[in-house]
Amino acid sequence: MPTDCISYQNSGYFTKLIVDYLAEKAELKKFYNRFPHLENFKEQLNEKALNFSQEHRTVLVTELEKQYQNFELSAATKNNITLLSDSKTYTVTTGHQLNLFTGPLYFLYKIVTTINLCEELKKAYPEHHFVPVYWMATEDHDFEEINYFNFKKVKIKWDKASSGPVGRLSTTGLADVFEVFAKELGVGTNADSLKNLFEKAYLKHDTLAEATRYLANELFGKKGLVILDGDAVSLKQLFIPYVKNELLHQTSFSKVSETNALLEKEYDIQVNPREINLFYIEDKMRERILFENNQYKVNNTTLTFSETEILALLDKNPEKFSPNVILRPLYQEVILPNLCYIGGGGELAYWFQLKSNFEANNITFPLLLLRNSVLLATQKQVAKADKLELSWQDLFTNQQELFTTKTNEFSKFTIDFTEQKEFLKQQFDKMNAIALQTDKSFIGAVKAQETKQTKGLDHLEKRLLKAEKRVHTEKLERIINLQNELFPNQGLQERKANFAEFYLDVNGKLLDKLFEELNPLKANFTIISL
C-alpha cells in the first residue's frame, strides 16, 4: 500500500486554530511563547531556570516519594524522581482524565509522545535531564466522561453515582465491570494478561487515583514515566499566593477575557473564564466559589465566607481549593520545572487563551506541542486497501466525497457535465445579446429557459452518478466498510477504540510499536500496520 504522508493540516480532523498554529502563522504568535522546534528548547530551558526555585523542587520530590510509597517503582522512574532535585532537570508533561482502563487510544499516544520527546531532548541537550510526567486529572468531577471504555463494539460502563473529585472515588463496584470485560476478552495468553492488569489495577486499589497510577505505572514505568497527582496538600501550599490573587483580584478573568476578545476574531473560543476560577473541594463535592454581596459563597451549598475567613481557610487548608480549567495549567507550571505541555487540539486551544495570565503571575509559559495522532490498521485491512487500490489519503477523505470520487474513477465515462453547461451558457449568452437588440421583454424568458435547462443538466448528472453507483455497488460498499472499520462513526479511531482491542492483535507488543514509530516533532498522522 502507498506510504503517503497525511499531515495534520490536510487530514480534515483539526480546527483552523491548530492548522494555523502548525503553519506558525504570524498573527498567532502573541498567544504562545515559542514554537516547539528542537532548537527553541534552549531558550525555554534558560527562562525556566530563572523562574523555578530549589524549594519547589524539594517539595515536589518529597510529595512524589509519598505518592509512590505503596507502588513498585522501576529503576528508571525512581531515578527520574531523584533527578528532579537537580537544578538541571526539567519535565515534559501531558495530562489526562482518569478514564476507565485508559479510555480511548489517544491516552497512550499522549504519554508515548511525552516519553519520546524526552529522549530527543536528552540527545540534543546532554548536559540536562528530562523527565516525562503524566498529570492525573484527579480533581475533575465529570464522571460521565470517564466511566466507560469501548472494547470492539461493546461499551463497558461503570454505573456509579459520583459528585466529587473522581480521583477520590472508591473503586467499589468495579468487580462487576471486570466480569463483563473478562467475558468479552475470551481466552488466551494476551486476554489473560489484560484481565490480570485490570484486576490488579481496579480490584486491588481503593480509589480511582490509585488504580490509575498503578495502571499507568505498569504500562509506562519501565520508560521512567513519573505520575503526579496534584490533589495534594504540600503542592497546594505552593499555589497559595496564586489562589489568594485569584480570590482578591480575579486577574485570570480580566486577562483571559482580553485574550478571548482578540482570539475570537478568527477562531472559536474553547473556554470562557469565570470571575473566580476556583472550586471548593471535598471528598464528595466540587462546587464553584462565587463572590456575591461582598461574600464568598460555595455554589449549591450554604457555605459562606468573609474575605478574612476565606483567606484563613486557604492558609490552613489549601487542599480545599481546586483550580478549574483556566487555572489548572498555571498550577501545573508553578509546581513543575516544566518546559513543554503535550496535548490534543482541544487542549492546546484553551492553552492559547492563557499566556497573558501566566505573564501577569510571572510564571513561564511552556512550549505547546500537539500530541502524535495514530491510525492503527491490521494486516488484513492493509490487504483490503491494496486490493481496492486505495491510498491512505483516500481513506482519510470525507465519506461522501470518497464515494463520489471512486464512482467517477470506476466509471467508463466522465460523470461531469461542466463542458455541456459551459456550452449551454455560451448559447444563452448569444440569445441574450439578440434579445437586447430586438425586444428586451424577451430577456426574462431567455433567463428562465437558461435556468431550466441548467437545472435539467444538473438533474441528469446526479441521476447518472446514482446509476453508476448502483453499477459499482459491491466495490463501493467494500470501500465504505473498510473506511468505517478504520474511522468508526466517521471519526478518528483514537477517540473511540481502547488499546485492549489492539493489544490482543499484536501479542502485547502495541506499546513497543508506538515507541518505535512515533516522532513527537513531526506533524503527520502516524499510520501503523499491525
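The modelled label-to-label distance for the pair Leu530/Ala175, using points 7 Å beyond Cα in the direction of Cβ, is 3.1 nm.
Within the same chain, aspartates and glutamates fewer than 8 places from Lys265 are excluded, and of the rest, those with a Cα less than 19 Å from its Cα are Asp20, Glu24, Glu27. Stretching Gln449 away from Glu292 to a fully extended chain increases their span by 49.7 nm, per 0.36 nm per residue minus the current alpha-carbon distance. Phi angles of region 253-268 translate, via the Karplus equation with coefficients 6.51, -1.76, 1.60 and θ = phi - 60°, into HN-Hα couplings of 4, 5, 5, 5, 4, 4, 5, 4, 4, 7, 5, 6, 5, 10, 9, 6 Hz per residue; Gly and Pro are given as x. Which pairs in the list Lys110/Lys195; Lys110/Lys255; Lys16/Lys42; Lys384/Lys475 are over 18 Å apart, alpha-carbon to alpha-carbon? Correct reply: Lys110/Lys195; Lys110/Lys255; Lys16/Lys42.
Ranking Thr89, Ile479, Thr207 by Cα position along the charge dipole of the chain, where only Lys, Arg, Asp and Glu carry charges on their C-beta atoms, puts Ile479 farthest toward the positive end.
Between Ser7 and Lys157, the modelled label-to-label distance comes to 4.2 nm, taking each label 7 Å out from Cα in the direction of the beta carbon. What the Cβ-Cβ distance of Ser53 and Glu474 gives, at R0 = 60 Å and to the nearest 0.05, is a FRET efficiency of 0.30.
For an R0 of 35 angstrom, estimate the FRET efficiency from the Cβ-Cβ distance between Glu184 and Glu39 and round to the nearest 0.05. Provide the component values of the computation, followed by the final result.
On the way: r = 48 Å, r/R0 = 1.37.
FRET efficiency, Glu184 to Glu39: 0.15.
Across all Cα atoms of the chain, the radius of gyration (one decimal) and Dmax (whole number) stand at 28.2, 97 Å. Each of Gln270, Gly345, Asn317 was scored by the projection of its Cα onto the charge dipole of region 236-366, and the greatest displacement toward the positive side belongs to Asn317; charges sit on the C-beta of Lys, Arg, Asp and Glu. At an R0 of 22 angstrom, the distance between the Cβ atoms of Asn196 and Lys496 translates into a FRET efficiency of 0.30. Placing a label point 7 Å from the Cα of Asn70 along the Cα-to-Cβ direction, the residues of region 153-176 with a backbone N closer than 14 Å are 168-172. Our helix-only sum for the chain, with -39,500 (n - 2.57) per DSSP H run of n ≥ 4 divided by its residues, gives a mean residue ellipticity at 222 nm of -15000 deg cm²/dmol. Here the spin labels are modelled as points 7 Å beyond Cα on the Cα-Cβ line, and at Ala124 and Asn408 they lie 4.1 nm apart.
Please state the charge dipole magnitude for the chain, taken about the Cα centre, from unit charges on C-beta atoms (+1 on K and R, -1 on D and E), reported in debye and rounded to the nearest 20.
Details: 65 positive and 71 negative charges, 235 e Å.
Result for the chain is approximately 1120 debye, rounded to the nearest 20.
Candidate cross-link partners of Lys236 among the aspartates and glutamates, defined by an alpha-carbon separation under 13 Å and a same-chain spacing of 8 or more, comprise Glu63, Glu139, Asp315, Glu319, Glu333.
Across the cross-link table entries Lys223/Lys522; Lys157/Lys496; Lys88/Lys123; Lys152/Lys522; Lys222/Lys513, which are compared at the Cα atoms, the separations over 18 Å belong to Lys223/Lys522; Lys152/Lys522.
Which shape class applies to region 61-199: rounded if a/c is under 1.5, otherwise prolate when a/b exceeds b/c and oblate if not, where a ≥ b ≥ c are the square roots of the Cα gyration tensor eigenvalues?
On the way: a/c = 2.17, a/b = 1.76, b/c = 1.23.
In terms of gyration-tensor shape, prolate.
Every number here is computed from the coordinates shown, using simple stated rules; none is lab data. Treat the numbers as computed from the prediction; the structure is a model and nothing was measured. Counting neighbours? That spans all protein chains shown, and the Cβs are built from the backbone with ideal geometry, glycine included.
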